[in-house]
Amino acid sequence: MSALPDEALSFEAVPHDPTHPCDCRPAGRDLRQAFAPSRRTLLRGAALTGATTLFGTAAVTTGPTIAAEAAPRRTPTSAVVVISLRGAADGLSLVVPHGDPAYYQARPGIGIQREALVAADGFFGMHPAMAPLVPMWEAGKLAAIHATGLPAPNRSHFAAMEELEDADPGSTQRVGWLNRLVGGDDVSSTLQGLVVGPSLPASMLGPEPVMSFVSLETARVAGGDRASDPRGMRMKALRTQWTTSRTTLAGGFREALDAVVDLDPARAARSRRRLYPEGDLGDALSAVARTLRADVGVSAVTVDCGDWDMHVGLGNNGGGWMQRNAADLASAIAAFFTDLGPTADRVTLVTISEFGRRVQENANGGLDHGWGNVMLAAGAGVKGGRYYGTWPGLTDSLDADVSVTTDYRSVLAEIVAARTTASTATVFPGFRRERVGFMLGQ
């Protein structure tokens, strides 16, 4: 078991500064680190739902039912991968509504000109840095759904993230939609729900067991690898120590130990890291691809992609923060599906962000907190090569938002309905989804 590493940057609220409308950046810290919750944060969240066992960088959280007695297991036939664009990405930059004149009126400095866009139709087009995704778009494997989001504006990063990931408004239970998803189908495995990164997001909190790791290579029992323990004596001793106990703690430990051992085929899978761009997202998606190719029972994955809170210096198609982030995102997603190979036929990926940005650029060449956003869906079951959603029309005024015309839960629920055996009514309690039409059979 591991000790807690040095605690990473914690969030801290700062007094509202009228010259800087973001009220949640860490005071005096690098904004790029603002969406990196700590290991201790992970444990606090996990402790709300059950026992947590640490092996290296891996954390296995088990609810009381599973910890006491593991259910029969069946290998899932599909997987949903969620990329969370932390910090509130600007959907109008990722997918540009070039056919709406208010877009260019509101963004004289950061607007992307029509001729620079890729995958353009008569109204929309993607940021030129998204060019690595054009082959998937043209192959009908990538779609975009615009003007999506929460049913009402919420401009606080943290409150919006929690509302978005709980997806159960009004409930006092701390259970996320991905935890309900892995608990709502006919599969049961500690490896079914997987988080790659240092935090346990609200979407995975709940009674179902989930695993998280920072690195696939270090998600192991210390000293339990073949090189250090060629005869397996350490692992045998650990099992013997906990086998006879019927306590919840012992059950959770056994479950966690099995899960870490079950990762062995993923660690043995060939790494194709060179396909990906440098950086955390490339590292994470490379590990996810190896895990999915190894077919160890994972069916729901979430990966954080931070650093989208662009109040200043967003840039345009000539360079800047958005161009760098969009290029990294697009290159990493394209590499992920290449890396998956035939396994891509059972993997659906979706991007989500807690809210979008204002329509009008600010005096610092950036964008302040807004409402509606764009979601990308790629892979198995996606009817791609087109833009979906109902466009609300833009207004060039100081406080104008992109109005939400499609509840984000309708997008997620369509994937759940098309690709899993879970009930959308269970995964999204009290919500009646509307048809969006971007998934086959929906």
For this session: May I ask you to order 285-295, 400-410 by the average number of other C-beta atoms within 10 Å around their residues, highest value first?
Result: 285-295, 400-410
Problem set entry | Unit charges at the beta carbon, dipole of the stretch 391-442: most positive-side option, Phe431, Gly441, Ser397 | Gly441
Problem set entry | Label-point gap, in nm, between Asp345 and Ala139 - each point 7 angstrom along Cα→Cβ | 1.3
Exercise. Cα extents of the stretch 310-442 along the three principal axes, largest first, in whole Å?
Worked result: 49, 37, 23
Exercise. So how much slack lies between Thr338 and Arg174, counting 0.36 nm per residue of separation and subtracting their Cα-Cα distance, in nm?
Worked result: 55.4 nm
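Roughly speaking, to the nearest percent, how much of the stretch 313-383's 1.4 Å accessible area is carbon and sulfur?
Values: 880 of 1840 Å².
Carbon with sulfur: 48 percent of the solvent-accessible area.
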Exercise. So between Gln442 and Ser423, what do we pick up on full extension, going 0.36 nm a residue minus the alpha carbon distance?
Worked result: 5.4 nm
For this session: Arrange the peptides 133-139, 179-185 so that the one whose residues have, on average, the most other Cβ atoms within 10 Å appears first.
Result: 179-185, 133-139
Exercise. Arg270 label point, 7 Å along Cα→Cβ, cut-off 17 Å on backbone N: hits in the stretch 337-358?
Worked result: 337-344
Seminar exercise, completed: Nearest-0.05 FRET efficiency for Ala159 and Ala363 at R0 = 35 Å, using Cβ-Cβ distance, is 0.85
Exercise. What FRET efficiency comes out for the pair Asp396/Thr77, r = Cβ-Cβ distance, R0 = 41 Å, nearest 0.05?
Worked result: 0.30
Problem set entry | Relative contact order of the stretch 396-442, pairs being alpha-carbon contacts under 8 Å that are 6 or more residues apart, as % | 39
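The values are calculated or read from the model by the stated rules, or taken from the named source; none is laboratory data. Here the structure is a predicted model, which is why all the values come from computation and not from measurement. Note: ideal-geometry Cβ built from the backbone for every residue, glycine included; neighbour counts use all protein chains shown. The accessibility values were calculated without ligands, DNA or RNA, using every heavy atom of the protein model including side chains. Shrake-Rupley method; radii C 1.70, N 1.55, O 1.52, S 1.80 Å.
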